[in-house]
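Before any comments, here is the structure.
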Amino acid sequence: MPDSPSQKSSRYARLVFDGQSFLMPRNQIPAVEPSIDLNIQSGPAGSVGEIILSGRHWPVYSLDRNLDLIGRIPPERRVCVLFSGALDGFGITCDELTPLKTDDVRIHPIPGCMRTPGLSAASLAVYSGRVACVLSAEIIARRVERVKPCELSSRSQARPAELGGL
Amino acid sequence: MSGAPAWIIGFPGNHLAAVGASELVHVLADEPEGFNVPGSPWYCHRVILWEDNVIPILDIEKMLGAGREAPGRRHYGIVRYRLWPTDPQRFGALLMDRIPQRANVDDASACALPDTLAAWRDFVISCFLLENRPVPILDISSLFSGACAAA
């Protein structure tokens, strides 16, 4: 029995990166672009570049499974998933993004002993016999905003070699 | 002999503890598939899915500061608790290094928690002697509700 009443939903998409799956509300994902379209010569501190879509600039970041910025694009990150609702729009690199089937998701709260100030997930979702953290654009934005401006110069120098696998 | 039935649990690092007989509901002898929860404590960073419940796996040895994981096979003891008598029951999994043993605990065997187990104080109800060895009785609710957290 879940800790609180469960809800069924079809409003989630599954993001995969660094060997881990996450769920996000689909209505926070306005677009998905191939990583090859990343402009790696621009973008704010901590980003790996930006996507320019309809004249708008979307900074794109790379995270590891613990949602820490890694400042590079691993070769398996083939898509940039763009988010709305935080930081005036931004994105992250992912291996893949797939919509979940209708009525296939049950939401559970994070167990009390796992809650810390640094906890990233809003809740846990059970789907198809698996468990994934539920994220939101706001949660990821909070991780991204921890980057300090001084990291910009080192990131820029590292970019060309890091993109070799794409 | 009168007394209350309990399960004696062994943890990696050769520590023993006890839980009430009705608190331990299942033992998984094989490692279940775990799912990582980013940002959670390092001693409790994975959950498993058991009978439609999302259950955190808690490693008491790591919670108490063990830096390195002791070698050997692991078992997973599913325990249940309630925060309040009228609340629905909740579940947690304790990492163990052996199959639990039944024991009978009576008042005559009660003892003070020794200084060597002072770090357990926040999640222990009481302590008793089993073959001259102090065995703390775990407060499952405190452990899994987050009421006690590692430093």
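Rg over Rh for the protein assembly as shown works out to 1.07, using Cα positions for both radii and the Kirkwood form for Rh.
Taking Rh as the Kirkwood radius, which is the inverse of the mean 1/r over Cα pairs, what is the Rg/Rh value for region A:8-149? Walk me through the numbers before you get to the answer.
On the way: Rg = 14.7 Å, Rh = 15.4 Å.
Rg/Rh: 0.96.
Among B:Ala93, B:Ala29, B:Ala112, the largest mean-square fluctuation in a Gaussian network model of chain B, built with springs joining Cα atoms closer than 10 Å, belongs to B:Ala112.
The value of relative contact order for region B:16-69, using C-alpha pairs under 8 Å at least six residues apart, is 22 percent. Put simply, the C-alpha atoms of chain B give a gyration tensor, and the ellipsoid matching it has half-axes of 24, 18, 16 Å, longest first.
Cα centroid separation, region B:74-128 to region A:21-37: 44 Å. In the protein assembly as shown, the DSSP beta bridges split such that about 90 percent are antiparallel, to the nearest 5.
Across region A:8-149, C-alpha contacts under 8 Å between residues 6 or more apart give a mean separation that, scaled by the residue count, equals a relative contact order of 28 percent.
Between B:Asp107 and A:Glu96, the FRET efficiency from the beta-carbon distance, with R0 = 51 Å, is close to 0.30.
Given axes a ≥ b ≥ c from the Cα gyration tensor, I'd like to know whether region B:1-82 is rounded (a/c under 1.5), prolate (a/b larger than b/c) or oblate. Since a/c reaches 1.5 but b/c is at least a/b, the shape of region B:1-82 is classed as oblate.
Read-outs throughout are calculated quantities, based only on the coordinates presented, and are distinct from any laboratory measurement. In this text the structure is predicted, and so the values were computed from the model without any measurement. Every residue, glycine as well, gets a Cβ built from its backbone with ideal geometry; the counts of neighbours run over all protein chains shown.
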